[in-house]
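K.L.:
Just dropping this structure here.
The values are calculated or read from the model by the stated rules, or taken from the named source; none is laboratory data. Since the model is a prediction, treat every value here as computed from it, not as a measurement. Please note: Cβ atoms are built from the backbone with ideal geometry, for glycine as well, and neighbour counts cover all protein chains shown. Protein only, heavy atoms only, side chains kept; ligands, DNA and RNA dropped before computing areas. Shrake-Rupley method; radii C 1.70, N 1.55, O 1.52, S 1.80 Å.
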Amino acid sequence: DSGVVQSPRHIIKEKGGRSVLTCIPISGHSNVVWYQQTLGKELKFLIQHYEKVERDKGFLPSRFSVQQFDDYHSEMNMSALELEDSAMYFCASSLRGACSDYTFGSGTRLLVI
Amino acid sequence: GDSVTQTEGLVTLTEGLPVMLNCTYQTIYSNPFLFWYVHYLNESPRLLLKSSTDNKRTEHQGFHATLHKSSSSFHLQKSSAQLSDSALYYCALSDRRGTGSKLSFGKGAKLTVSP
């Protein structure tokens, strides 16, 4: 698959639990961004990494942390999960330039029960 | 800060009628890049259109948009809506230079096309 790959596709966790979401960007894309979408609402910006450095943080809860590795893949570590964390989490990657559009992954659907 | 405004939350049209989704933006950059993304149910958002130079129209899959810096707008249009156009449409602004772009998305417009 030459697109952005996210795993897992679906996950169910209990309240208070932990989860790890993974994003593998398109080869050559060093810019990786995470978005959250709840119930078909707007895409909410969580965090951006470029060249393995955090460049901007949006609505990322303090219970979550994101890291970008040497091969540019990204992992979101989620702890103390709350019911409100139930959402679709999209990762997107792009090339460096400001005019570069994003390619989105298929998303991870997280359900916290 | 930089922001994107989409005024229509829900748009319902009859097939064959024209589509117009509004997008205005605010940015400190004199040469912004604007995008339209389409998000079909159970799929991931994908690029529909990307802006070109000022006052130049860009087209794709029957949709078109023109960046107008004078009015800070990048409205999406289509002459005749099809049932398959039903989706969420997001306008986005690229607001970063040199450290990887970060797209700021509008709240989206849900387009429903009925027979």
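K.L.:
Can you pull out the strands (runs of 3 or more DSSP E) entirely within the range A:1-87 that have at least 1 residues that are without any contact (Cβ under 8 Å) to a residue 24 or more places away in the chain, under 29 Å from B:ASP2 (Cβ atoms) and within 14 Å of chain B (Cβ to nearest Cβ)?
P.N.:
Numbers: elements: A:5-7, A:10-13, A:19-24, A:31-37, A:44-50, A:53-57, A:64-68, A:74-78.
By residue number, A:44-50, A:53-57.
K.L.:
Quickly run through the range A:88-109 and pick out the residues that are among the charged types (D, E, K, R) and either in a helix (DSSP H, G or I) or within 8 Å of chain B (Cβ to nearest Cβ) (or both).
P.N.:
If we filter the range A:88-109 for residues that are among the charged types (D, E, K, R), which is where we start, we get A:96, A:101, A:109.
Those that are among the charged types (D, E, K, R) and either in a helix (DSSP H, G or I) or within 8 Å of chain B (Cβ to nearest Cβ) (or both): A:ARG96, A:ASP101.
K.L.:
Could you list, in sequence order, all residues of the range B:6-20 that are at pLDDT below 95, open to solvent by 80 Å² or more (accessible area, probe 1.4 Å) and assigned to a loop (DSSP other than H, G, I, E, B)? Before the answer, list the steps.
P.N.:
Within the range B:6-20, the subset at pLDDT below 95 is B:7-10.
This time we only want the ones that are open to solvent by 80 Å² or more (accessible area, probe 1.4 Å), so: B:7, B:10.
Hit for the range B:6-20 is B:THR7, nothing else.
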